[in-house]
Amino acid sequence: FPAEPPRGNEENDAKFAEEYLKRYYNLQNNVRQSRKKGENPLTLKIKEMQQFLGLKVTGKLDSETMEVMHQPRCGFVDAGE
Amino acid sequence: FNIFPGNKGWNKKELTYRILNYTPDMLQSEVDYAIQRAFKVWSDVTPLTFTRIYSGVSDIEISFAAQVHNDYYPFDGPHGTLAHAFAPSSGIGGDAHFDEDETWTSGSNGYNLFIVAAHEFGHSLGLFHSSDPSALMYPTYHFTEPSEFRLPEDDVNGIQSLYGARTAPEEPTVPEKPNDPSTPSTCLPNITFDAVTTLRGEIIFFKEKTFWRQISQNSEVEQHLISTFWPTLPNHIQAAYEFQDRDQVLAFKGAKYWVISGYEVTEDSPKSIYDLGFPRTVRKVDAAVYDDNSRKTYFFVNDNYWSYDEQKQSMDSGFPKKIVDRFPGLTKIRAAFQKDGFLYFFDGHHQYEFSSAKRRVTRLLKNNSWIKC
């Protein structure tokens, strides 16, 4: 399988996931700076992604979620625009 | 399956396409063929027709481009995003763009253009991404041998919800009646099987919508429609194996499996193959067999195999491994079963008798050697 971006580093994973969720799940910019009450928008988007792709819904960047995020894919968004 | 909200697809059945440019990775004739076959995936199950034009503007414009390419959805270099396509509408609607930074191929090295194009044309026709991991419209890429590709049921249901079923009969491959003269015969020299399993002493050979049933070595083989025996089982079973201790046969198709307990499909079927411990990168199982000698179930996927412990009901650690490492002489296995202590493996038109004790192929047999012709 093709070479992939470096993994295993939490900071790298978080950045990669954020870009992935922006691109395919309409995650808005600067979510990590959000101070609104309620669940973190990044967590919500991770859950949305996990649910759509049939993964275990944890809201966390677990290894299975990261594995799917690194798979080559169609560029069309998974979430309705 | 999902369709684009508010988009009911094209309001005509005769669609045109045009190939604006070519990737240097493949011969032009290979690109033409991959694109043509990708459209055929959809025209086989709907009333849609696709006609290639060479000038003017077509409904579906096909191009290869890298990075920014005038549609606000720039490509991202090698890997990641491979291609994208737009829902039916005028202008850019229906158009399919392929990332030129990928390595395109008609084989399995790089990204197979036919597989990716078939997915993209699903978008061009109005299908959104599916959440069924075995569907063509699932977002991630997974290689399937083009000659073995069959449009999964989820995608058939999706596209037919927009355009209806094909009215003209498809090229017959398997007739509805198993006793029809055009039914594939097990005595054909080139017969291949989708899956093989034992079932309470019988041998079951799955092929498309039917299965052959060898009740005993001295009896004539019977042929039946799968739907007649097991209405809830899908056609085109891809793998199956019997685990006698539980009196069960597990039948696999895509990312799902069905449990036949005794002679009945259990009510909680189908289940997800990921519950067995497969990673999400696996989208289908080629073959499966329980080996009495090692007391393990082996699952075969491409050139790899997994070992499953039926007692612990979990995958053994350290897998997948290469098939050839455990089964010298074999690289791919399309169907398998065990009989009288030997494993029988099918690949293409060959059948191999394999001794687990000797760890080697002991005989090369004809595919239909079990059936009296």
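Here is a yes/no grid of residues against (1) within 26 Å of the chain's Cα centre (by Cα); (2) within 24 Å of residue B:250 (Cβ to Cβ); (3) assigned to a loop (DSSP other than H, G, I, E, B):
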site: B:329; (1), (2), (3): yes, no, yes
site: B:344; (1), (2), (3): yes, yes, no
site: B:353; (1), (2), (3): yes, yes, no
site: B:358; (1), (2), (3): no, no, yes
site: B:362; (1), (2), (3): no, no, no
site: B:365; (1), (2), (3): yes, no, no
site: B:370; (1), (2), (3): yes, yes, yes
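Please name all residue pairs, on different chains or six or more residues apart, with Cβ atoms under 7 Å, provided the first residue is in region B:191-208 and is polar (S, T, N, Q) and the second residue is assigned to a loop (DSSP other than H, G, I, E, B).
Going by the 7 Å Cβ cut-off, the qualifying pairs are B:192/B:348; B:192/B:349; B:192/B:367.
With the checklist (1) surrounded by fewer than 18 Cβ atoms within 10 Å (Cβ to Cβ); (2) modelled with pLDDT of 75 or more; (3) away from chain B (no Cβ under 14 Å); (4) outside any loop (DSSP other than H, G, I, E, B) in hand, flag the one item residue A:59 doesn't pass.
In the conditions (1) surrounded by fewer than 18 Cβ atoms within 10 Å (Cβ to Cβ); (2) modelled with pLDDT of 75 or more; (3) away from chain B (no Cβ under 14 Å); (4) outside any loop (DSSP other than H, G, I, E, B), residue A:59 misses (4) alone.
Residue pairs, Cβ under 6 Å, 6 or more apart or interchain, first in region A:8-23 and more than 14 Å from chain B (Cβ to nearest Cβ), second surrounded by fewer than 13 Cβ atoms within 10 Å (Cβ to Cβ) and not in a helix (DSSP H, G or I). List them.
Between residues of region A:8-23 that are more than 14 Å from chain B (Cβ to nearest Cβ) and residues that are surrounded by fewer than 13 Cβ atoms within 10 Å (Cβ to Cβ) and not in a helix (DSSP H, G or I), the close pairs are A:12/A:6.
Which condition from (1) surrounded by fewer than 14 Cβ atoms within 10 Å (Cβ to Cβ); (2) at pLDDT 75 or above; (3) at the interface with chain B (Cβ under 10 Å from one of its Cβ atoms); (4) over 23 Å from residue B:277 (Cα atoms) is the one that residue A:51 breaks?
(4)
Can you tell me which residue within region B:50-77, out of those that are away from chain A (no Cβ under 14 Å) and on the phi > 0 side of the Ramachandran plot, is surrounded by the fewest Cβ atoms within 10 Å (Cβ to Cβ)?
Checked region B:50-77; the qualifying residue surrounded by the fewest Cβ atoms within 10 Å (Cβ to Cβ) is B:56.
Just to be sure, is residue B:133 under 24 Å from residue B:3 (Cα atoms), not acidic (Asp, Glu) and not in a strand (DSSP E or B)?
The answer is yes for residue B:133.
Out of curiosity, is residue B:47 in contact (Cβ under 8 Å) with a residue 24 or more places away in the chain, on the phi < 0 side of the Ramachandran plot and not hydrophobic (A, V, I, L, M, F, W, C)?
yes
When region B:107-135 is examined, which residues are found to be away from every other protein chain (no Cβ under 14 Å) and buried (at least 19 other Cβ atoms within 10 Å of the Cβ)?
Once the filter is applied, which keeps residues that are away from every other protein chain (no Cβ under 14 Å) and buried (at least 19 other Cβ atoms within 10 Å of the Cβ), region B:107-135 yields only B:114.
Report, by residue number, each residue of region B:247-261 that is in contact (Cβ under 8 Å) with a residue 60 or more places away in the chain and either out of contact with any helix residue (DSSP H, G or I) (no Cβ under 9 Å at 6 or more places or on another chain) or over 20 Å from residue B:193 (Cα atoms) (or both).
B:260
Restricting to region B:283-306, name every residue that is part of a strand (DSSP E or B) and under 27 Å from residue B:146 (Cα atoms).
If the condition is that a residue be part of a strand (DSSP E or B) and under 27 Å from residue B:146 (Cα atoms), then B:287, B:288, B:289, B:298, B:299, B:300, B:301, B:304, B:305, B:306 are the ones that fit.
Within region B:151-168, track down each residue that is of a type in the set (D, E, K, R), surrounded by fewer than 19 Cβ atoms within 10 Å (Cβ to Cβ) and closer than 16 Å to residue B:39 by Cα.
B:166
State which residue is surrounded by the fewest Cβ atoms within 10 Å (Cβ to Cβ) when the search covers only region B:256-288 and only residues that are more than 16 Å from residue B:237 (Cβ to Cβ) and touching a strand residue (DSSP E or B) at 6+ places or on another chain (Cβ under 6 Å).
Per the stated criteria, the residue is B:261.
Among the residues of region A:67-81 satisfying the criterion of being in a helix (DSSP H, G or I) and surrounded by 16 or more Cβ atoms within 10 Å (Cβ to Cβ), which is nearest to the other protein chains (Cβ to nearest Cβ)?
A:68
I need the full set of residues from region B:136-158 which are in a loop (DSSP other than H, G, I, E, B) and more than 10 Å from chain A (Cβ to nearest Cβ), in order please.
B:136, B:144, B:145, B:149, B:150, B:151, B:152
Can you pull out the residues in region B:35-49 that are closer than 19 Å to residue B:112 by Cβ, surrounded by 19 or more Cβ atoms within 10 Å (Cβ to Cβ) and either among the aromatic types (Phe, Trp, Tyr) or touching a strand residue (DSSP E or B) at 6+ places or on another chain (Cβ under 8 Å) (or both)?
Passing the criteria: B:35, B:39, B:42.
Counting only residues that are among the small types (Gly, Ala, Ser), within 11 Å of another protein chain (Cβ to nearest Cβ) and free of Cβ contacts under 8 Å to residues at least 40 places away in the same chain, which one in region B:78-106 is farthest from residue B:126 (Cα to Cα)?
B:80
Restricting attention to strands (runs of 3 or more DSSP E) lying wholly within region B:47-114, give those where 2 or more residues are modelled with pLDDT of 95 or more and of a type in the set (Gly, Ala, Ser).
Counting at least 2 such residues, we get B:60-65, B:81-85.
The values are calculated or read from the model by the stated rules, or taken from the named source; none is laboratory data. Only a predicted model underlies this, so the values are computations on that prediction, with no experimental measurement involved. Using ideal geometry, Cβ is built from the backbone for each residue, glycine included, and neighbour counts are taken over all protein chains shown.
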